[in-house]
Amino acid sequence: MKLKLGILDQSPTVKGGSAFDALKNSIDLAVFADKAGFHNILYSEHHGVEAYGSSSPEILSAVTLSRTQRIKVGTGGIMMKNYSAYKLAEWTKMLGSLYPERFILGLGKAPGGLKDAVSALNNHRPVILSSQETKLEEIIQYIKEEEGIYEGLIAQPRDLVHLPEILWLGSGVQSAREAAKHGISYSYADFMGSEKGTASTDTYLNEFDRNQYSPIPSLQVAVAVSVAENLQSARHNAYGMAYQFLQARHIQAPEALLPTEIIEDKISGSEDEEEFFKILSHIIIDTPDHISGRLQEKAEEYNTDEIMILCNMYHETNRMNTYKSIILANQ
């Protein structure tokens with residue numbers, strides 16, 4: 001089975017580098033992915049975090065759409081509790097109009113940053129923790145030009161020929177059930193946990209309502225991957241990504257990517273050592289000859305043909321080689 005391969009790009013920064021370097025790498029990666037045959041590329045949203053260069057995935061998406069020809073591009077995702085449904089719908093319709101059938105509105109329910117960043121995004125007001133599903137319903141109403149909260153209010157541009165794809169990001173059964181209920185795509189974040197998430201993905205596929213936004217379910221699974229010519233190199237290249245995952249689990253702002261040697265010194269003999277290596281073991285680590293089989297196994301496990309690849313590495317050449325190896329193996 002040939003997989004639909006995507007890229008989840010967090011625009012990772014490296015120690016001693018800059019956010020500008022990270023953004024340039026993101027655009028270069030998208031141009032490569034477009035030519036190489038990747039199905040889509042999604043950009044994440046982070047605020048006040050040294051580790052990631054992009055705080056505005058909608059802007060990065062617009063730039064990338066203008067630089068590419070066929071690949072689908074989108075947000076992976078917009079942290080919707082920080083923005084109004086109306087504004088989200090407006091720029092989604094604009095990108096959907098300018099790039100029909102190529103823009104993906106990926107939405108997430110996480111805050112997108114630590115406490116101070118979230119407070120600043122909400123103009124120093126307490127964040128309203130009401131149901132994000134309600135906001136999703138409002139976004140759909142604006143995009144489909146249905147009657148909503150405000151009678152007669154429109155979101156320009158009107159009369160889109162193709163409705164843009166809406167992708168709900170999650171890692172649990174509740175988010176899967178919400179995506180199924182509204183007939184939108186669902187992305188399960190396998191890389192965020194250490195356990196199988198088939199309960200979530202099965203719920204999505206079994207409960208999908210074909211009479212809502214889209215008549216066909218679309219399930220993708222996002223995995224963390226490291227590929228190199230030998231397993232030891234692939235494992236070492238994944239240390240920076242695993243260390244960022246560890247920091248995020250401890251509700252710390254992840255640092256910029258560090259060299260493997262520095263992470264080894266930090267981890268060795270520390271109270272986090274066991275957890276770090278458990279996280280590392282959940283990353284798909286392999287060689288070019290075997291990576292296709294590993295991804296096929298993951299796709300079969302979740303009953304999908306769409307796999308989204310996350311790869312953050314200290315050396316950009318190693319990150320690019322991982323993506324090159326994966327797409328070549330999927331030919």
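Confirm whether residue 234 is hydrophobic (A, V, I, L, M, F, W, C), part of a helix (DSSP H, G or I), open to solvent by less than 30 Å² (accessible area, probe 1.4 Å) and under 18 Å from residue 323 (Cβ atoms).
Values: hydrophobic (A, V, I, L, M, F, W, C): yes; part of a helix (DSSP H, G or I): yes; open to solvent by less than 30 Å² (accessible area, probe 1.4 Å): yes; under 18 Å from residue 323 (Cβ atoms): yes.
Criteria met by residue 234.
Where the second residue is of a type in the set (Asp, Glu) and crowded, with 19+ Cβ neighbours inside 10 Å and the first is within 13 Å of residue 233 (Cβ to Cβ) and without any contact (Cβ under 8 Å) to a residue 60 or more places away in the chain and lies in region 302-331, which pairs have Cβ atoms under 7 Å and are six or more apart or on separate chains? Once the first residue is within 13 Å of residue 233 (Cβ to Cβ) and without any contact (Cβ under 8 Å) to a residue 60 or more places away in the chain and sits in region 302-331, no partner that is of a type in the set (Asp, Glu) and crowded, with 19+ Cβ neighbours inside 10 Å comes close enough.
Within region 42-70, if we keep just the residues that are closer than 18 Å to residue 97 by Cβ and in a helix (DSSP H, G or I), the residue that is most open to solvent (accessible area, probe 1.4 Å) turns out to be 59. Six or more apart or on different chains, Cβ atoms under 8 Å: show the pairs whose first residue is in region 1-19 and more than 16 Å from residue 32 (Cα to Cα) and whose second is among the hydroxyl-bearing types (Ser, Thr, Tyr) and open to solvent by 50 Å² or more (accessible area, probe 1.4 Å). Close Cβ pairs satisfying both conditions: 14/314; 15/314.
Scan region 9-20 and give yes if some residue there is open to solvent by 50 Å² or more (accessible area, probe 1.4 Å), touching a Leu at 6+ places or on another chain (Cβ under 7 Å) and either basic (Lys, Arg) or at pLDDT 95 or above (or both), otherwise no. Yes: one or more hits. Residue selection: residue 252 satisfies the criterion of being out of contact with any strand residue (DSSP E or B) (no Cβ under 8 Å at 6 or more places or on another chain), within 21 Å of residue 49 (Cβ to Cβ) and open to solvent by 20 Å² or more (accessible area, probe 1.4 Å).
Could you check region 255-269 and list, in sequence order, the residues that are polar (S, T, N, Q) and open to solvent by 40 Å² or more (accessible area, probe 1.4 Å)? Give the derivation first.
In the first step, residues of region 255-269 are kept if they are polar (S, T, N, Q); the result is 260, 268.
Scanning region 255-269 gives a single hit, 268.
Every condition in (1) out of contact with any Cys (no Cβ under 7 Å at 6 or more places or on another chain); (2) of a type outside the set (Asp, Glu); (3) surrounded by 21 or more Cβ atoms within 10 Å (Cβ to Cβ); (4) under 19 Å from residue 34 (Cα atoms) is met by residue 313 except one, and the failing one is (4). Among the residues of region 206-231, those identified as surrounded by 16 or more Cβ atoms within 10 Å (Cβ to Cβ) and over 30 Å from residue 265 (Cα atoms) are 208, 213, 214, 217, 218, 219, 220, 221. Regarding residue 173, is this residue within 30 Å of residue 290 (Cα to Cα) and either without any contact (Cβ under 8 Å) to a residue 12 or more places away in the chain or aliphatic (A, V, I, L, M) (or both)? The answer is no for residue 173.
Touching a strand residue (DSSP E or B) at 6+ places or on another chain (Cβ under 7 Å) and farther than 18 Å from residue 309 by Cβ, is that true of residue 222? Walk me through it before giving the result.
Details: touching a strand residue (DSSP E or B) at 6+ places or on another chain (Cβ under 7 Å): yes; farther than 18 Å from residue 309 by Cβ: no.
Spelling it out, it is not the case that residue 222 is touching a strand residue (DSSP E or B) at 6+ places or on another chain (Cβ under 7 Å) and farther than 18 Å from residue 309 by Cβ.
Consider region 80-98 and keep the residues that are closer than 16 Å to residue 156 by Cβ and of a type in the set (Phe, Trp, Tyr). The one that is farthest from the chain's Cα centre (by Cα) is 86. Within region 201-243, the residues that satisfy the criterion of being without any contact (Cβ under 8 Å) to a residue 40 or more places away in the chain and either closer than 16 Å to residue 183 by Cβ or of a type in the set (Asp, Glu) (or both) are 203, 204, 206, 207, 208, 209, 210, 211, 212, 215, 216, 217. Selection of first residues in region 273-291 that are farther than 16 Å from residue 236 by Cβ and of second residues that are part of a loop (DSSP other than H, G, I, E, B) and open to solvent by 40 Å² or more (accessible area, probe 1.4 Å), restricted to Cβ pairs under 8 Å at least 6 apart or on distinct chains, gives the following pairs, ordered by first then second residue: 278/194; 282/194; 288/229.
Cβ-Cβ contacts under 8 Å between residues 6 or more apart (or on different chains), taken from a first residue in region 91-104 that is among the acidic types (Asp, Glu) to a second residue that is modelled with pLDDT of 95 or more and in a strand (DSSP E or B), are listed as 101/72. If you go through region 154-188 and keep only what is outside any helix (DSSP H, G or I), touching a Pro at 6+ places or on another chain (Cβ under 8 Å) and either within 16 Å of residue 215 (Cα to Cα) or polar (S, T, N, Q) (or both), you end up with 162, 183, 185, 186.
Remark: pairs (first residue in region 125-145, over 22 Å from residue 164 (Cβ atoms); second residue at pLDDT 90 or above and surrounded by 13 or more Cβ atoms within 10 Å (Cβ to Cβ); Cβ separation under 8 Å; 6+ apart in sequence or on different chains) are absent. If you go through region 32-72 one residue at a time, how many are touching a residue at least 60 places away in the same chain (Cβ under 8 Å) and farther than 13 Å from residue 106 by Cα? Selection size over region 32-72: 13.
The values are calculated or read from the model by the stated rules, or taken from the named source; none is laboratory data. The model shown is predicted, which means the values in this text are computed figures rather than measured ones. So basically every Cβ, Gly included, is an ideal-geometry build from the backbone, and we count neighbours across all protein chains shown. Protein only, heavy atoms only, side chains kept; ligands, DNA and RNA dropped before computing areas. Shrake-Rupley method; radii C 1.70, N 1.55, O 1.52, S 1.80 Å.
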